[in-house]
1. Name every residue in the stretch 1-45 that is among the hydroxyl-bearing types (Ser, Thr, Tyr), within 25 Å of Lys117 (Cα to Cα) and surrounded by 12 or more Cβ atoms within 10 Å (Cβ to Cβ), in order of residue number.
2. Report, by residue number, each residue of the stretch 19-41 that is out of contact with any Phe, Trp or Tyr (no Cβ under 9 Å at 6 or more places or on another chain) and either part of a strand (DSSP E or B) or farther than 12 Å from Ala103 by Cα (or both).
3. Can you list residue pairs whose Cβ atoms sit under 8 Å apart, with the first residue in the stretch 1-30 being within 25 Å of Arg75 (Cβ to Cβ) and aromatic (Phe, Trp, Tyr) and the second being modelled with pLDDT of 85 or more and assigned to a loop (DSSP other than H, G, I, E, B)? Count only pairs 6 or more apart in sequence or on different chains.
4. Is it the case that the stretch 126-134 has a residue that's over 15 Å from Val59 (Cβ atoms), modelled with pLDDT of 75 or more and either out of contact with any Ser or Thr (no Cβ under 6 Å at 6 or more places or on another chain) or not basic (Lys, Arg) (or both)?
5. In the stretch 8-18, what residues are more than 22 Å from Glu58 (Cα to Cα), not β-branched (Val, Ile, Thr) and not in a helix (DSSP H, G or I)?
6. Looking at the stretch 69-79, which of the residues that are touching a strand residue (DSSP E or B) at 6+ places or on another chain (Cβ under 9 Å) and either surrounded by fewer than 16 Cβ atoms within 10 Å (Cβ to Cβ) or in a loop (DSSP other than H, G, I, E, B) (or both) is modelled with the lowest pLDDT?
7. Is it the case, given these coordinates, that Val96 is assigned to a strand (DSSP E or B), in contact (Cβ under 8 Å) with a residue 12 or more places away in the chain, among the β-branched types (Val, Ile, Thr) and farther than 26 Å from Thr33 by Cβ?
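The values are calculated or read from the model by the stated rules, or taken from the named source; none is laboratory data. Since this is a predicted model, take the numbers as computed values, not measurements. Neighbour counts run over all protein chains shown; Cβ positions are idealised from the backbone, glycine included.
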Amino acid sequence: MPRSLTPAAISAAQATTSPDVFLALLTITISPTETWRLVGDTQDRTSRGQTFTAWPFEVVLPDDAETMPSSIKVRLDNVDPRLWALPRQAGTMPSVKLEVILAREPDAVLLTVDGLKMRAATATTPLIEAELFLDSIWQLGYPAHDYTAAEYPGLFAVG
């Protein structure tokens, strides 16, 4: 699927050196009332009217292997204990949206990966590592359930 990029983004991507910076935005929704918006930068940024807090993090994209479900790894600096405490208090898997913008065009989103779920996370004093998965039916095994005569007699009834 082709991506539509702004002229500034095309110029920055094709230049040998460029003052333009591509930035990753993370939106972590822990509960309906608790959302964290983070930008991989040294200063806060506003994109589409939302303020993203400067936060040191790294996004590791998946290998291109057909045998395993794809997952994205995120490494966040554990500089605020509330970030690690909130997912455990919520009791549900946080939803995550990953976006890429150009610093000088913060309202033009160049890439969006939405619908990610944080299924595995480990925390140490300096670092939180989380694995993000697409919540997709294509990653589920087939068949998802076994239909046996003992459990579903109506399916096996004769006549």
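1. Filtering the stretch 1-45 down to residues among the hydroxyl-bearing types (Ser, Thr, Tyr) leaves 4, 6, 11, 16-18, 27, 29, 31, 33, 35, 42.
Now drop any that are not within 25 Å of Lys117 (Cα to Cα), which leaves 27, 29, 31, 33, 35.
The answer is Thr27, Thr29, Ser31, Thr35.
2. Quick first cut of the stretch 19-41, residues out of contact with any Phe, Trp or Tyr (no Cβ under 9 Å at 6 or more places or on another chain) only: 19-22, 31-35.
Passing the criteria: Phe22, Ser31, Pro32, Thr33, Glu34, Thr35.
3. From residues that are within 25 Å of Arg75 (Cβ to Cβ) and aromatic (Phe, Trp, Tyr), the pairs are Phe22/Ala103.
4. The initial filter retains those residues of the stretch 126-134 that are over 15 Å from Val59 (Cβ atoms), namely 126.
Restricting the remaining residues to those that are modelled with pLDDT of 75 or more gives 126.
Keeping just the survivors that are either out of contact with any Ser or Thr (no Cβ under 6 Å at 6 or more places or on another chain) or not basic (Lys, Arg) (or both) gives 126.
Checking the stretch 126-134: at least one residue is over 15 Å from Val59 (Cβ atoms), modelled with pLDDT of 75 or more and either out of contact with any Ser or Thr (no Cβ under 6 Å at 6 or more places or on another chain) or not basic (Lys, Arg) (or both).
5. Residue satisfying the conditions is Ala15 alone.
6. Residues of the stretch 69-79 touching a strand residue (DSSP E or B) at 6+ places or on another chain (Cβ under 9 Å): 69-78.
After this cut, where a residue has to be either surrounded by fewer than 16 Cβ atoms within 10 Å (Cβ to Cβ) or in a loop (DSSP other than H, G, I, E, B) (or both) as well, the list is 69-70, 73, 75, 77-78.
On the way: Pro69: 60, Ser70: 69, Lys73: 88, Arg75: 90, Asp77: 86, Asn78: 76.
Once the filter is applied, the top-ranked residue is Pro69.
7. Values: assigned to a strand (DSSP E or B): yes; in contact (Cβ under 8 Å) with a residue 12 or more places away in the chain: yes; among the β-branched types (Val, Ile, Thr): yes; farther than 26 Å from Thr33 by Cβ: no.
No; evaluated as a whole, the condition is false for this residue.
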